[in-house]
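Below you'll find the structure, written out as structure tokens, and then a few comments.
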Amino acid sequence: MTRKNPSRGPVPIPPPSPLPTPETIDPAGIFNEYSSGNVDLVVVLGPTASGKTRYAVRLAGEFNRLCGRSVSEILSADSRQVYKGMDIGTGKDLDEYGNIPYHLIDIAPAGSRFDLFQWQQAFEEAYEDVRSRGGVPILCGGTGLYIQAATSGYSLPQVPPNEELRAALEQEDVEDLREKLSKMQRTVPYSVML
């Protein structure tokens, strides 16, 4: 099969790449690592529509079976699932959870601003709640920044917006702003930018 490109003529479409060999996951091994204290958070991550929720629910069920009681709870790491009423196109898959408790879904009004700082605060509260009750938190989602904030211990200060600065910067040319940012990045130590 080929597509026509008016400027170059037909372009051959390469065959799809082969899928990688699936890895074998050992739920008992993961649970033992968690129980021994070597791991304090189990994370299920992946691209959109890859079956993360289904897998996390199955993993939670297996942990519950291994423990002999309901211990697992899922914490969503999805930037769209936080919004109430946004059920189409966000992959909430609420029917898949069954009897597995979940957190960080439907926690903010649709249309409101909900940023990384707010998510991290809600995550830490839910995480500590699950752990304080002897539960096993399973972080599940595809918003990489949320997952990184949860697993890397981001320290985010609460800083109110500076409306005057924003208004002034909005009046500047984009190229001038890029130059200013470039100069700032050269003078700020790398560790501060993390």
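The values are calculated or read from the model by the stated rules, or taken from the named source; none is laboratory data. Source: prediction; values computed, not measured. For neighbour counting, all protein chains shown are included, and Cβ atoms are generated from backbone atoms with ideal geometry for every residue, glycine included. What goes into the accessible areas is simple: the full protein's heavy atoms, side chains included, and nothing from ligands, DNA or RNA. Shrake-Rupley method; radii C 1.70, N 1.55, O 1.52, S 1.80 Å.
Which length gain, in nm to one decimal place, applies between R166 and D40 when the Cα-Cα distance is subtracted from 0.36 nm times their residue separation? All intermediate terms of the calculation are to be shown ahead of the outcome.
Working: separation 126, 0.36 × 126 = 45.36 nm, distance 3.95 nm.
Taking R166 through D40 to full extension adds about 41.4 nm, to one decimal.
Please list, ordered by chain and number, the residues whose modelled amide H lies under 5 Å from the amide H of V136; skip anything fewer than 5 residues away on the same chain.
S72, E73
How large, in percent, is the carbon and sulfur part of the accessible surface of the chain at a probe radius of 1.4 Å? Mind dumping the intermediate values first?
On the way: 7180 of 13340 Å².
Accessible surface attributable to carbon and sulfur in the chain totals 54 percent.
Please list 45-57, 139-151, 107-119 highest first by mean number of surrounding beta-carbon atoms within 10 Å per residue.
Most protected by this proxy first, the peptides run 139-151, 45-57, 107-119.
Which value, in Å², gives the accessible area per residue of the chain when a 1.4 Å probe is used on the protein heavy atoms?
Working: 13340 Å² over 194 residues.
Value for the chain: 69 Å² per residue.
Taking amide H positions as placed in the peptide plane 1.01 Å from N, state which residues far from V44 in sequence (5 or more) or on other chains have amide H under 5 Å from it.
L139, C140, G141
How large is ³J(HN,Hα) for each residue in the range 167-181, as worked out from phi by the Karplus curve 6.51 cos²θ - 1.76 cosθ + 1.60 (θ = phi - 60°), to whole Hz, x for Gly and Pro?
4, 5, 5, 5, 7, 8, 6, 4, 4, 5, 5, 4, 5, 4, 5
If r is the Cβ-Cβ distance from A49 to E23 and R0 is 25 Å, what FRET efficiency results, to the nearest 0.05? Write down the numbers at each step before the final one.
Numbers: r = 19 Å, r/R0 = 0.78.
According to the calculation, E is roughly 0.80.
With a 1.4 Å probe and all protein chains in place, put E23, E175 in order of accessible area, largest first. Could the numbers behind the result be given before it?
On the way: E23 145, E175 105 Å².
Ranked list, largest accessible area first: E23, E175.
Which of P157, S36, Q121 sits farthest toward the positive end of the charge dipole of the chain, with +1 on the Cβ of Lys and Arg and -1 on the Cβ of Asp and Glu?
Working it through, the farthest residue towards the positive pole turns out to be S36.
Could you give the size of the charge dipole of the chain about its Cα centre, using +1 on the Cβ of each K and R and -1 on the Cβ of each D and E, expressed in debye and rounded to the nearest 20? Kindly include the intermediate steps, with their values, before the conclusion.
Values: 19 positive and 25 negative charges, 149 e Å.
So the dipole magnitude of the chain works out to roughly 720 debye.
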